[in-house]
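Okay, so here's the structure we're looking at.
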Amino acid sequence: MATKIFVNIPVKDLNKSITFWKALGYSFNQQFTDETAACLVFSEDIYAMLLTHAKFKEFSPNPICDTSKNNEVLLCLSCESKADLAQKMKRAVDAGARRYAEPKDHGFMIQDGFLDLDGHVWELVYMDPEFVQK
């Protein structure tokens with residue numbers, strides 16, 4: 001059985017965050033979504049729990065990070081192709097995200113990224129499957 005990961009992320013406006021991620025083509029598990037939290041599905045094993053600040057504080061022993069001054073974590077999502085990466089990046093920017101750096105082409109890997117509506121850093125990468133050693 002694969003280990004599942006649930007990344008808990010504080011958001012200022014849950015409804016805006018839901019709209020943002022839906023614009024990128026992702027869905028939500030309604031069983032774990034209410035007015036204080038939304039379960040964003042990346043895959044069968046990877047989820048992000050978008051939590052209102054009040055809900056997040058119930059779980060965290062420390063204050064919520066001010067993302068305009070500090071990064072608490074860098075999150076990275078793999079993409080199926082260069083076109084998929086470009087499409088996700090465009091959708092993110094169109095939905096209100098901000099690109100934080102120019103895309104990087106490392107030959108075997110393309111990297112781009114954005115700051116979401118709450119300033120969390122999300123990297124998007126596509127790695128050439130021929131490069132990955134098995």
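We did not get these values from a lab; they are worked out from the coordinates using the rules stated. Keep in mind that this is a model prediction, so the values were computed, not measured. Virtual Cβ from ideal backbone geometry, glycine too; neighbours counted across all protein chains shown.
Rounded to the nearest 20 debye, the dipole size of the chain about its Cα centre is 200 debye, using +1 on the Cβ of Lys and Arg and -1 on the Cβ of Asp and Glu.
Compute the label zone of HIS53 within region 1-28: residues whose backbone N is under 16 Å from the point 7 Å along Cα-to-Cβ. Under 16 Å, as judged by backbone N against the label point of HIS53, lie 9-17 of region 1-28. The lysine pair tally for region 66-134, using Cα distances under 26 Å and a gap of 8 or more places or different chains, is 9. Note on the chain: with a GNM built from Cα contacts shorter than 10 Å, the maximum mean-square fluctuation among VAL41, VAL73, VAL93 falls on VAL73.
For a label point 7 angstrom out from the Cα of LYS4 toward its Cβ, which stretches of region 16-39 have the backbone nitrogen within less than 13 Å? Hits in region 16-39 for LYS4 at 13 Å: 29-33, 39.
Segment ILE64..PHE108, full-extension length gain: 12.2 nm, with 0.36 nm per residue of separation and the alpha-carbon distance subtracted. Entry note, the chain: relative contact order of 21 percent, from Cα contacts under 8 Å with a spacing of 6+ residues.
A crude spin-label estimate for the pair ASN15 and VAL93, with each label 7 Å from Cα along the Cβ direction, gives 2.9 nm.
Compute the separation of the alpha-carbon centres of region 1-58 and region 62-133 and state it in Å as a whole number. Taking the Cα centre of region 62-133 as reference, the centre of region 1-58 is 17 Å away. Partner aspartates and glutamates whose Cα lies under 18 Å from the Cα of LYS55, excluding those fewer than 8 positions away in the same chain, are identified as ASP13, ASP34, GLU35, ASP66, GLU72, ASP118. For region 69-134, the relative contact order is 38 percent, taking Cα pairs closer than 8 Å that sit 6 or more residues apart in sequence and dividing their mean separation by the residue count.
Counting other Cβ atoms within 10 Å as a rough exposure proxy, the listed residues TYR47, TYR26 run TYR26, TYR47 from fewest neighbours to most. Every helix of 4 or more DSSP H residues in the chain counts as -39500 (n - 2.57), and over all residues that averages to -6500 deg cm²/dmol at 222 nm. Exposure proxy shown here: for HIS106, HIS53, HIS120, the number of other Cβ atoms within 10 Å sets the order, fewest to most, as HIS106, HIS53, HIS120.
The GNM of the chain, with springs linking C-alpha atoms under 10 angstrom apart, assigns the highest mean-square fluctuation among MET109, MET89, MET49 to MET109.
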